[in-house]
Amino acid sequence: MTTTTPRLSIGEVSERTGLTTHTLRFYEQEQLLVDPVERDSAGRRLFTEQDVEWLRVCTKLRSSGMPLPDIRRYVELFREGPQTVQARFDLLRAHQERVRAQVAELQSALDVIDHKVDFYARRMAAGTAETLWRNGPECDESANG
């Protein structure tokens, strides 16, 4: 007995991934999908579950700042076969390091913001918030304005 892999319409894939149909068409045009998208007899795109899973990964790579050319290169390497495992690893590892640096920078910024919010909350609770910025910004640790 032959089983066929279910195919999904572009609208269904859009719902599952949160990507617009325009973005899905763009990703296909930019060859960011691992396999070519099949078409039905009317020319409508038919996606697989594997396409959906890859698009979820692709979305995370994009939202973490990976440029489209790097994603395209990753896909090209994947298509070339198992001999490119090291190159794919290297590409992902470099991106991982960039994301870790971004996270560290954001954490540092959040630490400053948390400190300022706590300071303002204390000053507002004490009824002394009106003096903040009276003489301009007070950015040193002792003034905390």
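The values are calculated or read from the model by the stated rules, or taken from the named source; none is laboratory data. Just so we're clear, the structure is a prediction, and the values are computed from it rather than from any experiment. Positions of Cβ are backbone-derived with ideal geometry, glycine not excepted, and every protein chain shown enters the neighbour counts.
Points to keep in mind about this one:
- Residues within segment 13-27 that are of a type in the set (D, E, K, R), out of contact with any helix residue (DSSP H, G or I) (no Cβ under 9 Å at 6 or more places or on another chain) and surrounded by 13 or more Cβ atoms within 10 Å (Cβ to Cβ), tallied: 0
- For beta carbons closer than 8 Å, sequence separation of 6+ or different chains, a first residue in segment 85-100 that is under 15 Å from R62 (Cα atoms) and a second that is in a helix (DSSP H, G or I) and not charged (D, E, K, R), the qualifying pairs are L91/Y74; L91/L77; L92/Y74; H95/L61.
- Residue in segment 91-118 that is modelled with the lowest pLDDT, counting only those that are charged (D, E, K, R) and more than 19 Å from the chain's Cα centre (by Cα): K116
- Candidate set from segment 6-31 (those that are in a loop (DSSP other than H, G, I, E, B) and either in contact with a Lys or Arg (Cβ under 8 Å, 6 or more places away or on another chain) or β-branched (V, I, T) (or both)); member that is farthest from R98 (Cα to Cα): S9
- Of all the criteria given as (1) assigned by TED's automatic domain parsing to the domain that holds T5; (2) more than 21 Å from E12 (Cβ to Cβ); (3) of a type in the set (D, E), the one not satisfied by E53 is (2).
- Test: V34 is part of a helix (DSSP H, G or I) and surrounded by 13 or more Cβ atoms within 10 Å (Cβ to Cβ): no
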